[in-house]
Every structure is written in structure tokens, then in C-alpha cells.
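Let me begin by presenting the structure, written as C-alpha cells, before commenting on it.
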Amino acid sequence: MALILDNISKITPLTDSEKEFILSKTEVKEFKAKTLLHSAGEICKHSYFVNSGIVRSFNINDHIVEHVLHFACEGWWIGDMYSLLSQKPGNLFIEVLEDAEVVVLSKENQEILYHEIPKLERFFRILMEKSLVAHQERLMDNLSLSAEERFEKFCNRYPGLILKVPQKQIASYIGVTPEFFSKMKSKMLRK
């Protein structure tokens, strides 16, 4: 549990009693690969902090094509933020890709934490701001960069995932078909 406390302490210092209270409002769970933590159409009631393993969020369009939105590995947060914040049914699936230990924070307990430890509102605001900036940057990259450039950015952002995540999911994340990705990667390796 020290990892989540370290993650929070990077932005806002915590007293020992605050740390204990945070730990009392979170739950550590272990999940096997392919476990769905959240399904599209459900109201998201939790956010997740990854202690170990890999988790991804994705949606499936009308043509049954997966679109990977986000990967989360050790030290990262993940959730269906639209659904969690609006308390409306979401459109994301959240799936464990590699056996994972995850800290689960319910929306209800997050609100209690805000009330009891007001500086956590600042922590989560900063987390949301960083997420918004990252999503906007990714959108702009998808509009203006080549597939090769998007793949290079993926490699820089998630250096440990290249060998752990199926190529079709990397292709989905950068917005190309698996076939195009395979040809592109082969071409890049020949350079």
C-alpha cells in the first residue's frame, strides 16, 4: 500500500493519521488477467490504482472493433472518468491484461476522503488536470502525427509495455489496424 501513499505524497504531503485513514477507505485486490473491472453500460463506482500488473481501458464500436484508450501499469490510476464523475452509464471496459494487484477506491469513499482530508481534492484535481492534458495531447497527436510518430510516442510513454501487450492492442492505441502496424513495425526495424 506504500505505493499509493507515495503517489499521493508526490503532490501533497500526508500525516501518519491521514495515511491510515486513506488506507482504511481503500481496498487492495488481486485480479487475474482478462478480468473485467468495469463494463460499458454500467455506472462506474470505483477508480483503480495499479500496484502491479497492467490494466487497460477500451471501448468497442458498432463494428465490434476495440479502441484502446489507456494503459495503466504500476503507479498509474485508471477508471471510466466520464461515468465515475457523472454517475451515468459509461462506454468503457476496464480489463486486467496481466495479473494485477490493484487498490480500489469507491466513489463514496473518495467523497469521504475529500471531506475528511480536504487536500485530497487538490490531489485528485491535479490528477484530473494531468489526465485532461494527456488526452488532449493524444487527440492532437492522432490528428497531426504519422503512425510511426505515434508509435514512437507510445514507446516513450510506455517503454515496458512493448513486449508485454499484444501488438493488436498497441495498434488500436495508436489508431491503426494490426496489419498496418505489423508492416510499419517491420519497416521501422529495417531502418
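Find all pairs meeting these conditions: Cβ atoms under 9 angstrom apart; at least six residues apart or on different chains; first residue within the range 173-191 and farther than 21 Å from Val68 by Cβ; second residue charged (D, E, K, R) and at pLDDT 90 or above.
So the pair list comes out as Lys187/Glu148.
Is there a residue being touching a helix residue (DSSP H, G or I) at 6+ places or on another chain (Cβ under 6 Å) and touching a residue at least 40 places away in the same chain (Cβ under 8 Å) anywhere in the range 125-147?
No, the conditions are met nowhere in the range 125-147.
Search the range 30-68 for residues being crowded, with 16+ Cβ neighbours inside 10 Å and among the small types (Gly, Ala, Ser), and hand back the single one that is nearest to Val104 (Cα to Cα).
Step by step, filter the range 30-68, then rank; the result is Ser47.
Given the conditions (1) surrounded by 15 or more Cβ atoms within 10 Å (Cβ to Cβ); (2) out of contact with any Pro (no Cβ under 8 Å at 6 or more places or on another chain); (3) free of Cβ contacts under 8 Å to residues at least 60 places away in the same chain, report the number of the one that Ser83 does not fulfil.
So Ser83 meets the others, but not (2).
Filter the range 144-159 down to residues that are closer than 17 Å to Leu69 by Cβ and modelled with pLDDT of 90 or more, then give me how many there are. Step through it out loud before you land on a result.
Restricting attention to the range 144-159, the residues satisfying the condition of being closer than 17 Å to Leu69 by Cβ are 150-151, 153-154, 157-158.
So of that shortlist, the ones also modelled with pLDDT of 90 or more come out as 150-151, 153-154.
Counting residues in the range 144-159 that are closer than 17 Å to Leu69 by Cβ and modelled with pLDDT of 90 or more gives 4.
Out of all the residues in the range 171-191, which are assigned to a helix (DSSP H, G or I) and of a type in the set (A, V, I, L, M, F, W, C)?
Selection gives Ala171, Ile174, Phe180, Phe181, Met184, Met188, Leu189.
From the residues in the range 1-58 that are in a loop (DSSP other than H, G, I, E, B) and charged (D, E, K, R), which one is nearest to Gly79 (Cα to Cα)? Write out each step before concluding.
Step one: list which residues in the range 1-58 are in a loop (DSSP other than H, G, I, E, B), which gives 1, 10-15, 25-26, 32-35, 39-42, 44-45.
Remaining after also requiring charged (D, E, K, R): 10, 25, 32, 34, 42, 45.
Values: Lys10: 21, Lys25: 17, Lys32: 18, Lys34: 16, Glu42: 12, Lys45: 9 Å.
Ranking the qualifying residues of the range 1-58, first place goes to Lys45.
The values are calculated or read from the model by the stated rules, or taken from the named source; none is laboratory data. As the structure is a prediction and not an experimental result, all values here were calculated from the model. Cβ sites come from the backbone with ideal geometry, for glycine too, and all protein chains shown count toward neighbours.
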